[in-house]
Amino acid sequence: MPVRHGFAQAASIRLKYGTAFLADHPGTLRIKEAAEAIRKDTGGKVDLQVYTASQLGTEPDMISQTRAGAMDFMSTAGTNLQTLVPTAGINGVAFAFKDYDTVWAAMDGDVGAHVRAALGKVNLHVFDKCLDNGYRNITSASRPVQTPADLKGFKIRVPGIPLWISMFKALGASPTAIAFGELYSALQASIATHF
């Protein structure tokens with residue numbers, strides 16, 4: 001594993017991990033478990049500090065910080081990375097894949113390898129496997145979404161990605177770009193009623 005010069009001689013290493021997920025999200029809980037195991041296995045010499053709930057900024061902010069070396073790790077969706085590498089958002093394009101199994105076969109295969117290689121060229125190094133947090137799943141408390149026609153009139157939260165905004169407009173929804181960390185308050189204020 002490549003490391004920054006001087007890590008091997010350092011008395012201790014402090015690493016920063018940022019996420020928009022809340023502290024009790026399953027993905028965050030696993031990262032915290034990993035951080036504790038790393039701390040224990042290294043006798044405290046490696047300290048992975050976990051910052052949750054967008055404490056270090058929005059996901060686009062954290063992407064910039066990671067690229068600049070101000071933080072070491074983060075979790076985000078391909079949709080947020082497509083501003084740097086357009087193909088990174090392929091798993092969120094409407095109707096690009098027929099089902100869940102097909103999208104993950106592609107992302108775990110050649111398509112994912114292509115995206116990871118392209119992200120490496122913009123100073124982001126991506127794990128081969130990622131957290132599965134859904135594949136363009138839609139959450140609604142008012143009615144089920146079974147077909148594209150069911151989206152008509154939905155006030156839906158989307159990331160601030162032009163492709164997603166235009167995609168949901170084309171499907172008859174009323175999309176609003178809202179950062180993931182601001183979703184809860186946006187739902188409370190009815191700025192969006194679905195996500």
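The values are calculated or read from the model by the stated rules, or taken from the named source; none is laboratory data. These numbers come from a predicted model, not from an experiment. Note that we place each Cβ from the backbone using ideal geometry, even for glycine, and neighbour counts take in every protein chain shown.
Here are some notes:
- Complete set of residues in the stretch 130-146 that are in contact (Cβ under 8 Å) with a residue 12 or more places away in the chain and of a type in the set (S, T, N, Q): ASN133, THR139, SER140, SER142
- Helices (runs of 4 or more DSSP H) contained in the stretch 108-195 and holding at least 2 residues in contact with an Asp or Glu (Cβ under 8 Å, 6 or more places away or on another chain), within 25 Å of THR19 (Cβ to Cβ) and modelled with pLDDT of 90 or more: 110-120
- Within the stretch 89-102, one or more residues are among the polar types (S, T, N, Q), surrounded by 15 or more Cβ atoms within 10 Å (Cβ to Cβ) and not assigned by the TED database to the domain that holds TYR51.
- VAL46 being in contact with a strand residue (DSSP E or B) (Cβ under 6 Å, 6 or more places away or on another chain) and of a type in the set (Val, Ile, Thr): yes
- Near pairs, Cβ below 7 angstrom, 6+ apart or cross-chain, from the stretch 104-128 (within 14 Å of ASN91 (Cβ to Cβ) and in contact (Cβ under 8 Å) with a residue 40 or more places away in the chain) to any residue that is surrounded by fewer than 17 Cβ atoms within 10 Å (Cβ to Cβ) and not basic (Lys, Arg): none
- Listed by first and then second residue, the pairs linking a residue in the stretch 52-64 that is of a type in the set (Ser, Thr, Tyr) to a residue that is in a helix (DSSP H, G or I), with Cβ atoms under 7 Å apart and 6 or more places separating them unless they lie on different chains, are THR52/THR28; SER54/GLY181; THR58/GLY181.
- Scanning the stretch 139-160 for residues that are surrounded by fewer than 19 Cβ atoms within 10 Å (Cβ to Cβ) and not polar (S, T, N, Q) turns up ALA141, ARG143, PRO144, VAL145, PRO148, ALA149, ASP150, LYS152, GLY153, LYS155, GLY160.
- When residues of the stretch 2-18 are limited to those that are at pLDDT 95 or above and not charged (D, E, K, R), the one surrounded by the fewest Cβ atoms within 10 Å (Cβ to Cβ): LEU15
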